[in-house]
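Student: Before I ask anything, here is the structure I am working with.
The values are calculated or read from the model by the stated rules, or taken from the named source; none is laboratory data. The structure presented is a predicted model; accordingly, all values stated were derived computationally and were not measured. Glycine gets a Cβ as well: all are built from the backbone with ideal geometry, and neighbour counts include every protein chain shown. Remember, those area values only see protein heavy atoms, side chains included, never the ligands or the DNA or RNA. Shrake-Rupley method; radii C 1.70, N 1.55, O 1.52, S 1.80 Å.
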Amino acid sequence: MRVAIVGATGNVGTALLRRLAVEPSVTSVTGLARRPPPRSREPYDDVDWVACDIGDPASSDGLRTAFAGVDAVVHLAWLIQPSHRPRLQQAVNVDGSGRVFRAARNAGVDHLVYASSVGAYAPDAATLRRPETWPVTGIPTSSYSRQKAEVEAVLDHVEAGTDMVVSRLRPGLIFQGDAGAQIARYFLGPLVPTRALALLGRVRPPVVPLPRGLQLQALHARDVADAYARVLLRRAGGAFNVAAEPLLDTAALAGVLGGRPAEVSPRVFRALAAATWQARLQPTGPGWLDLAMSAPLLDSTRAARVLDWRPTVSATDALRELVEGIGDGAGLPSPAMRPRDPAAARLAGLLRGRITGSATRT
């Protein structure tokens, strides 16, 4: 099997490269990224790299050329930052995804796999686990959620006009230690003392303030990569929810950080997020909190039944590994996954009004 991965240098892309590297039936992997990584280090060494910016309208021809002769395309690329440039995010995430889908169809690819998200689903106030039939309309106040839902609608249109197998994975939050520095850049910004997280094993906070009623689902990047590999190997079409247990409620989240939960009104957190985001003191807009508080809980039964998929790492262990990775500034030798930037570089980015440095397109 010959596989092309768009966005192969980020959190999930790196994990998928590692998973496919030990799969005998995968004979070649083509990686597409705006900034290809050095080819001298694993897991990037045994990959045919193509530089491609899917946000550029001129990329369509390059995508079609890169997809010629491959059996499957996995589309993982997504622009989370800079969050203050919504037109750029729309150009990459929605318009760029459409280019990827149409290029795969026009190149005669047999199987297209798209990285959707729990964020694509409509809001849900219940505590029931929802299957893949839950409405895919997004959460209106979250730009991430709206765009994920919009891209699924684009994919519906492409799928209706082709006979290629189309698959969509809708995972919860995806953690691994090697993504520590990347996730800190995306969601915490340069003013948060991430090095202090390395001290949590010795100095535990007495309380951890968290939004009242928060419940999250997560899984390890290694497990989501295994789900992608199983979808590819079985040519399994349709949508698949994937998440690990247990639910990360306020008690579980505070427990990983070593303290007791102090539940605060979500309105207080939202107001604080909005004010600091507008002031460009941190990169996470209030829509992310809306998404966290409103997204449905995922039922992963279909993935277990069709793919024989089960997570090997608990959600709490995946979170614990991520927290350690953030504290250590962990990363990998790719532009998207680079280790923690020096303090001077982070503060220079803040002064320029660019919380996460340059726009990251994996």
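Student: Looking only at region 21-39, how many residues end up being open to solvent by 10 Å² or more (accessible area, probe 1.4 Å) and outside any loop (DSSP other than H, G, I, E, B)?
Tutor: Of the residues in that region, 4 qualify.
Student: Going by what's in this entry, would Ala8 be described as within 23 Å of the chain's Cα centre (by Cα) and under 22 Å from Tyr114 (Cβ atoms)?
Tutor: Yes; evaluated as a whole, the condition is true for this residue.
Student: Let me ask another. I'd like the full set of residues that are assigned to a loop (DSSP other than H, G, I, E, B) and either open to solvent by less than 30 Å² (accessible area, probe 1.4 Å) or under 17 Å from Val29 (Cα atoms) (or both), limited to region 79-106.
Tutor: Leu79, Gln81, Pro82, Ser83
Student: Please count how many residues of region 126-158 are assigned to a loop (DSSP other than H, G, I, E, B), without any contact (Cβ under 8 Å) to a residue 40 or more places away in the chain and either open to solvent by 80 Å² or more (accessible area, probe 1.4 Å) or on the phi > 0 side of the Ramachandran plot (or both).
Tutor: Total meeting the criteria: 4.
Student: Condition first: in a helix (DSSP H, G or I) and out of contact with any helix residue (DSSP H, G or I) (no Cβ under 7 Å at 6 or more places or on another chain). Can you find one or more residues in region 107-119 that meet it?
Tutor: yes
Student: So which residues in region 40-57 are closer than 17 Å to His75 by Cα, among the small types (Gly, Ala, Ser) and open to solvent by 30 Å² or more (accessible area, probe 1.4 Å)?
Tutor: Selection gives Ala51 alone.
Student: Any residue in region 256-263 that is open to solvent by 60 Å² or more (accessible area, probe 1.4 Å), over 30 Å from Val113 (Cα atoms) and touching a residue at least 40 places away in the same chain (Cβ under 8 Å)?
Tutor: Among the residues of region 256-263, at least one is open to solvent by 60 Å² or more (accessible area, probe 1.4 Å), over 30 Å from Val113 (Cα atoms) and touching a residue at least 40 places away in the same chain (Cβ under 8 Å), which makes the answer yes.
Student: I would also like to ask the following. Do we have Ala254 as part of a helix (DSSP H, G or I), touching a Pro at 6+ places or on another chain (Cβ under 9 Å) and under 30 Å from Leu17 (Cα atoms) here?
Tutor: So Ala254 does not fit the description; no.
Student: Got at least one residue in region 47-63 being within 23 Å of the chain's Cα centre (by Cα), in a loop (DSSP other than H, G, I, E, B), within 14 Å of Phe101 (Cα to Cα) and of a type in the set (A, V, I, L, M, F, W, C)?
Tutor: Yes, region 47-63 has at least one match.
Student: Now for a different question. Being part of a helix (DSSP H, G or I) and not β-branched (Val, Ile, Thr), is that true of even one residue in region 201-220?
Tutor: no
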